[in-house]
Each structure stands twice: as structure tokens, then as C-alpha cells.
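**Q** Dropping a structure here in C-alpha cells format, bear with me for questions.
Read the figures in this text as sums done on the coordinates, not as results from a lab. Here the structure is a predicted model, which is why all the values come from computation and not from measurement. Here Cβ is always computed from backbone atoms with ideal geometry, including for glycine, and neighbour counts include all displayed protein chains.
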Amino acid sequence: MISENLDTKQKFVEMCKLCYEWNGEICFPFDTITHSNEWVSFKTHPDYNMLSEKMTNLMKLLNSDRSLAELDVEEDLWHMI
């Protein structure tokens, strides 16, 4: 679970820790968050739509260039997405 006490970038960094590789692609568990009662407070938080969009963009970016995974999430990737 991601704490509501974190700022937006910190929430995103925590979201990145949920990413996984499946069939050669880097993925984020959007379905789990959408359909799980454990995530109700997170998915209804005002930041969720923006964070979700940024995560979608990050998945596209990383799947097109895996070397970007070496960059710092808060400083480099945040601004790219």
C-alpha cells in the first residue's frame, strides 16, 4: 500500500516498485489496483489519475528503451514523462 502522506513524486517512486516484467515487457499492475479493495484509498486519491497517466507513459518509454531504467525516477524520468 502507498502512504497518502507522501508527496506526489514519492508516491510515484513507490508505484515504480510495483512494476514487473512479463513476456518481455515491463508492466504495472493497473488491474490489481483497480479491482482490489486494498487500494481504494489510493485509487480515489486526487493524485491517482495523474500518477496513473505518468505510469502509463513510463511503461511505454521503458519498453521502447530499457536503458532508461537506469535513470533516477524522481529526477530524470519524472520530467521525461
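**Q** Please give every one of the aspartates and glutamates within straight-line cross-link reach of LYS54, meaning a C-alpha to C-alpha distance under 20 Å, and leave out same-chain neighbours fewer than 8 residues apart.
**A** GLU4, ASP7, GLU14, GLU21, GLU25, ASP31, ASP65, GLU70, ASP72, GLU74, GLU75, ASP76
**Q** With only Lys, Arg, Asp and Glu charged, each at its Cβ (+1 for the first two, -1 for the last two), find how big the charge dipole of the chain is about the Cα centre; round to the nearest 20 debye.
**A** That gives a dipole near 220 debye.
**Q** Find which of VAL40, ASN63, LEU51 sits farthest along the positive direction of the dipole of the stretch 8-80, computed with +1 on the beta-carbon of Lys and Arg, -1 on that of Asp and Glu, about the Cα centre.
**A** VAL40
**Q** Counting helices only, and only those DSSP H runs with n ≥ 4, report the 222 nm mean residue ellipticity of the chain as the sum of -39,500 (n - 2.57) divided by its residues, in deg cm²/dmol to the nearest 500.
**A** The per-residue figure over the chain is -12500 deg cm²/dmol.
**Q** Suppose R0 equals 30 Å. What FRET efficiency, 1/(1 + (r/R0)^6) with r the Cβ-Cβ distance, do THR8 and ASN37 give to the nearest 0.05? Mind dumping the intermediate values first?
**A** Details: r = 24 Å, r/R0 = 0.79.
It comes to 0.80.
**Q** What do you get for the angle between helix 48-64 and the principal long axis of the chain? Use alpha-carbon atoms, 0 to 90 degrees, nearest ten.
**A** Approximately 20 degrees, to the nearest 10.
**Q** Using alpha carbon centroids, what distance separates the stretch 38-78 and the stretch 1-19, in Å?
**A** When both Cα centres are located, 9 Å separates them.
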